[in-house]
1. Can you give the relative contact order of the chain as a percent, counting alpha carbon pairs under 8 Å and 6+ residues apart?
2. Once you have the Cα-Cα distance between HIS149 and LEU170, take 0.36 nm times their residue separation minus that, and quote the gain in nm to one decimal.
3. Across the Cα atoms of the range 166-219, what radius of gyration and what greatest pairwise Cα-Cα distance (Dmax) are found, in Å?
4. What share of the DSSP beta bridges in the chain is antiparallel, in percent to the nearest 5?
5. Mind checking the per residue accessible area of the range 52-196 for me, 1.4 Å probe, whole number of Å²?
6. Calculate, for GLN68 and SER42, the FRET efficiency according to 1/(1 + (r/R0)^6) with r their C-beta to C-beta distance and R0 45 Å; round to the nearest 0.05.
7. Just the projected area, averaged over all directions, of the convex hull on the alpha carbon atoms of the range 263-395: how many nm²?
8. Near GLU467, within a Cβ-to-Cβ distance under 15 Å, what is the net charge of the other residues, with Lys and Arg +1 and Asp and Glu -1?
Amino acid sequence: MRHLILYFFIFVWMPLLGQEITSTQNGTSFYLRTFLEPTDPSQKPLVQGQILFSSVVVHRFYTERDFQVAWMREDTVLLELAYEMRYEIQQSKFDGLQPTDYHLQAIDGLFSRYEVARSEGKSLSRADLAALDLLLSDAFVMLASHLYHGKVDPEQLRTVWNIQRSAPDLYLDQRLNSALEGGSIRRALQDLYPSFTIYRPMREGLRQLYEDFERFQIEQSSGWKEIKISKSLKVGDKSPIIPQVAKKLAFWGFLPNDFESQGKDYDAEIEEAVKKLQLKFGMEPDGVIGQGTIYALNQSPEDLIKKASVNLERLRWLPDNLKEQELIIVNTANFQFDFIQQRDTLLSSRVIVGRSFHSTPQFSAQMSYLVFSPTWTVPPSILRQEVIPGMRKDPQYMAKRKMRLLTFSGQEVPVSSVDWSKVSAAGFPYMVRQDPGEHNSLGLVKFMFPNKHHVYIHDTPARSLFEREDRALSYGCIRIQKPVELAKLLLQHDERWTDDRIHTAMRQSREQVVNLNRKIPVVILYLTYWTNSNGRMFFRRDVYNRDNEVFQALIQPRN
């Protein structure tokens, strides 16, 4: 009996054990584990020369499924979902992302080899099948993360970004598993889009720009040229650039495709098309072809693709709580203020924002009070650049502007007691304060949302500046064209604040602080591209030169 047991162990059970070991070592699960468990824990795993960026999440995903493949059946046949995942990677360029960040080249290569092998009645090696499975899973996790959080960390950019958002654990391994079980990769990824209604129309706008780019490559080869002018053109003028102007307007759909200009004449039909272009780029639709219109005409689809990509990324940085019942948004690139209540825009107003060298930062805060008939304490930069030089030229400079010289304890000092030829802003021992009134640089009311940037919204006596197209004119704060209307909206909860009372409060000799009964989120952002509810695209000049830094970070390969 003992000999029989020994015989069974040596000749029957041991060979079977060997077959099991061999099968396991040659199986897809074996290669999945091998790829995911590198010998150097400090290094991310490499698969087909590709770094698995989300190796921790992917490892957890495969551990939960006992290292069984996710994108195949019977370990060898690709599911339709695998093709859908590859398609979504290709489509990620319409989100302003780079498909190459999601292993597209390696995945395409493995797909091609898979399809060739299938056509020959063969199969890829288990190692290749495991590699493809891992790359598809890693691509899903990384793409999902970028669609929700953005690829670029805005806090790593030179431009100040202080709009905080939460960073919840997205449980992307569970999302991937749910997507596979639910049979839809696209829906799982779309669920991670920013919640703002403009995101999808903006994405479709970028898709259209890629189609325009294909047409542009043909047009460019047949004489698409950059236009230059030395003086502005009005309807009725003649210029050799008119045929090129008409050609570009027709390309963008503002004139019929078969439109042919009548020589050098700037006629009424071309003028109407110019006005439409001007509206799209945020200019006054006056039909005058000046430098701003020429700039817009010279923008190629490639230029606008870059701009659209950057702004889709900016939307991904914004917090979801911008769906508050009340919200104030200032888009400094568009010089516009919007007061939104339950998704309806109750007030839109032109604004003046910081000059390029005093650019208004991007941040969020909460408006909590307003100040009627404000005083203005002159900041050191304006003291240095305007007040001290002004007093040197004209001893009445401060008196004409109803400014007073005060100690830091609030005691008034005669301006004649200061030798203005010798003082400087550095270490200046006094404050300069402007009294309330029509002359005050802050106007008749200011709206406060305390923040570390010392930026607020205020009225201004310089009303004519709102008629300018380029309204980057302030020292960083935001001047609003409709201060009275904003004050009424903020105080509408209190029936005591009638129009007459507001009018009186704005014309007092002393400040009056009024606390609001709620705190209203204020978001100062910078969008140079967006769409309206009808899908119409709008573009703005990058007045602060912020777009290129974001774009360069977007196209930077992951490593």
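The values are calculated or read from the model by the stated rules, or taken from the named source; none is laboratory data. Treat the numbers as computed from the prediction; the structure is a model and nothing was measured. All Cβ positions, even for glycine, are placed from backbone atoms using ideal geometry, and neighbour counts span all protein chains on display. Just the protein is used for accessible areas: all its heavy atoms, side chains included, with ligands, DNA and RNA removed. Shrake-Rupley method; radii C 1.70, N 1.55, O 1.52, S 1.80 Å.
1. Here the relative contact order equals 16 percent.
2. Residue separation times 0.36 nm, minus the Cα-Cα distance, leaves 6.6 nm.
3. Every Cα atom of the range 166-219 included, Rg and Dmax give 16.1, 47 Å.
4. In the chain, approximately 80 percent of DSSP beta bridges are antiparallel ones.
5. Result: 44 Å² of accessible area for each residue.
6. After rounding, the FRET efficiency stands at 0.95.
7. Over every viewing direction, the Cα hull of the range 263-395 projects on average to 14.4 nm².
8. With Lys, Arg at +1 and Asp, Glu at -1, the net is +2.
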